[in-house]
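Taking it in order: structure first as structure tokens, then the write-up.
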């Protein structure tokens with residue numbers, strides 16, 4: 001009923017700052033995930049929706065709505081216009097989509113946002129999951145569109161926006177209306193292509209630069225050439241340290257993070273062993 | 001899911017019917033003797049008059065604010081606070097919770113724990129808990145009430161309860177001939193906040209250990225006996241359970257990404273079965289090794305994906 005043309009505007013630079021993005025681990029996981037994923041396409045019966053209100057926002061910022069649960073309230077949008085349109089439906093798209101050339105389903109460009117929201121609602125969110133048929137592009141599912149918006153310019157209501165919406169407006173779940181979307185529906189290679197590959201490029205570049213420079217330095221100091229360096233155990237250890245360092249430490253803050261992580265993992269164990277300590281130390285009265 | 005008022009009185013009654021002597025009093029202090037053979041003196045108040053009782057062995061089962069623990073200088077522990085409201089629901093709403101307990105996660109209901117709606121016979125208990133933001137507990141309680149608003153509509157609050165929940169064991173659990181059990185020792189698991197079973201079990205192990213070491217009350221026991229019969233047995237049996245739950249709490253409750261990952265992981269049938277078995281028997285359930293590995297890998301995968309989505313979310317606004 002309401003189909004839009006979705007374009008990928010992949011203008012966001014890759015950004016890799018979390019420990020979980022490590023190259024080899026995610027690769028292993030993705031390859032296991034592909035064996036276990038089930039591509040479920042929920043039935044594309046659109047729930048009958050009477051109207052869709054889109055707001056045409058000339059500004060880039062997406063303002064967050066302030067719905068009140070289970071009450072109907074029409075209020076003016078934050079962009080300052082003073083007209084409010086009447087509420088007509090229960091389920092609405094929760095975020096005004098910023099678009100330059102989009103056309104609403106009814107052709108009208110509404111300057112207002114109607115906040116009559118009870119739940120996260122979206123034409124592509126059907127029966128608790130994203131209807132993959134609506135993400136088709138050239139006959140193939142556009143996975144990037146399922147994960148995210150790409151940028152504020154794009155017209156999408158994908159998983160990121162849904163989660164952001166739920167963070168601001170928490171919803172209760174119920175067994176009558178379960179959410180069955182699972183990020184493992186999106187195949188591993190889509191994740192790899194979109195997130196892992198740019199980061200892997202960055203990390204490999206860093207490792208190569210460090211490696212070349214260190215090999216040159218060692219060669220100039222000791223006269224041992226590259227091939228002979230690879231045969232030396234100490235050099236191989238240094239190489240290993242360099243690779244692990246590049247993987248784990250990507251920002252200056254990561255050094256602190258790694259130290260804290262190590263502390264945290266052993267903290268609970270220390271608390272349990274405390275009662276056995278006082279046999280030797282004569283009373284460990286920690287406050 | 002039980003009603004403490006019913007359980008507590010049942011336990012007392014059962015102890016009495018097995019020959020225990022019940023003294024209805026408030027313990028104010030426990031005097032630690034200076035010599036190894038002198039008794040412990042328990043000072044208590046019965047109807048506002050002071051009494052003393054001389055005993056050989058003390059088991060401190062007096063909960064999170066244990067007087068016994070203070071007397072033996074067992075050390076402090078950090079506590080979480082659990083806050084709960086008992087709400088009587090209209091019949092049609094209560095029908096929904098006939099055989100359903102709910103658990104809610106999210107930053108709006110708790111920053112490092114979960115919120116719950118647990119049915120209790122004829123009413124529900126709606127509550128939440130937190131470690132790091134105890135002063136905001138009311139805000140989180142409002143959050144969970146908001147989340148389940150439609151499901152508890154028309155309900156009446158009949159009781160409000162709050163309690164500190166120890167996060168880890170005290171530094172000293174056995175000192176001299178005094179042993180601490182249950183919440184007084186800090187035996188509450190992370191992740192699920194389970195304390196009742198472990199309190200009862202530790203009490204039983206401690207009691208049985210004392211009976212065995214003292215040969216039915218004939219010999220005087222010492223600290224070594226208590227440690228051997230009670231602490232060692234306890235740590236050997238349950239330490240791994242505690243450690244795994246601590247790991248789960250740190251990984252899955254720390255952020256919204258972790259919580260989304262947990263919800264995904266828990267959709268799997270094997271995970272549900274393992275969780276249920278572990279929760280029922282309070283030990284790490286023994287499953288198929290291959291399935292275990294698959295479960296761990298799927299968890300890692302979910303965590304990675306949810307963290308990626310979360311990272312992208314930060315960029316949006």
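Could you check the range B:1-102 for helices (runs of 4 or more DSSP H) lying wholly inside it with 3 or more residues that are surrounded by 12 or more Cβ atoms within 10 Å (Cβ to Cβ) and touching a residue at least 24 places away in the same chain (Cβ under 8 Å)?
B:67-71, B:91-96
Are any residues in the range A:218-264 surrounded by 10 or more Cβ atoms within 10 Å (Cβ to Cβ) and not in a helix (DSSP H, G or I), and if so, which ones?
A:224, A:225, A:232, A:249, A:250, A:251
Suppose we filter the range B:163-208 for residues that are part of a loop (DSSP other than H, G, I, E, B) and touching a helix residue (DSSP H, G or I) at 6+ places or on another chain (Cβ under 9 Å); how many remain?
20
Would you mention how many residues in the range A:174-191 are more than 19 Å from residue A:160 (Cβ to Cβ) and more than 8 Å from chain B (Cβ to nearest Cβ)?
So the count comes out to 4.
Tell me, which residue of the range B:265-292 that is within 14 Å of chain A (Cβ to nearest Cβ) and out of contact with any helix residue (DSSP H, G or I) (no Cβ under 9 Å at 6 or more places or on another chain) is modelled with the lowest pLDDT?
Among them, the one singled out is B:267.
Among the residues of the range A:244-257, write down those that are farther than 18 Å from residue A:197 by Cα and in contact (Cβ under 8 Å) with a residue 60 or more places away in the chain.
Within the range A:244-257, A:251, A:254, A:257 meet the criteria.
Go through the range A:173-189 residue by residue and tally those that are buried (at least 17 other Cβ atoms within 10 Å of the Cβ) and in a helix (DSSP H, G or I).
So the answer is 4.
In this structure, does residue B:122 turn out to be at pLDDT below 90, closer than 26 Å to residue B:7 by Cβ and more than 22 Å from the chain's Cα centre (by Cα)?
Details: at pLDDT below 90: yes; closer than 26 Å to residue B:7 by Cβ: yes; more than 22 Å from the chain's Cα centre (by Cα): yes.
Judged against the criteria, residue B:122 is a match.
Quick one: would you say residue B:250 is surrounded by 14 or more Cβ atoms within 10 Å (Cβ to Cβ), within 11 Å of chain A (Cβ to nearest Cβ) and touching a strand residue (DSSP E or B) at 6+ places or on another chain (Cβ under 6 Å)?
Criteria not met by residue B:250.
The values are calculated or read from the model by the stated rules, or taken from the named source; none is laboratory data. Worth saying up front: this structure is predicted, and the values here are computed from it rather than measured. In this analysis, Cβ positions are derived from the backbone assuming ideal geometry, glycine residues included, and neighbour counts consider all displayed protein chains.
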